[in-house]
Amino acid sequence: MKYLLPLLVLASPAAAEFSMTEGSFFKVRGAYDHTNDSFSTSPPEGEENACFQITAVDPNGARFDITLVSGDFAPWWADEVLKPGFTDSFVDFHDSGWRTNHPDGDWAAFMSQLLETVPNCPAPAS
């Protein structure tokens, strides 16, 4: 029995990655705090159950469009809880807190700290 734990650790799957690919699905996995230049390892409150699909990707990789497929999404900036069907875009703003801290940083690697690709999204609740 004393050897079971090391085997479980070795057998655990690698952390999920984020693929900025049209048609792929993703969930929020963390948040960035530009004042401390640090990442959290869990989604912000109100974003835990949201699952999105990427609907378009800019050829230069500086923008991708998303649609909320399932779950509620209550980000800090919204006045209401957002429901499936909500659309938005992630854009590499040059005046964002992360870009200010990392002017030459890899935006795709940054997004990989915040988002993780999942095989699909559950069907929206009725």
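Nothing in this text is a laboratory measurement; each read-out follows from the coordinates by a stated rule. As the structure is a computational prediction, the values presented were derived from the model and not from experiment. Counting neighbours? That spans all protein chains shown, and the Cβs are built from the backbone with ideal geometry, glycine included.
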request  = Within 10 Å, count the other beta carbons around each residue, average over each peptide in 32-40, 111-119, and list them highest first.
outcome  = 111-119, 32-40
request  = Compute the semi-axes of the equivalent ellipsoid of segment 20-118, taking the square root of 5 times each eigenvalue of the Cα gyration tensor, and list them largest first in whole Å.
outcome  = 21, 17, 12
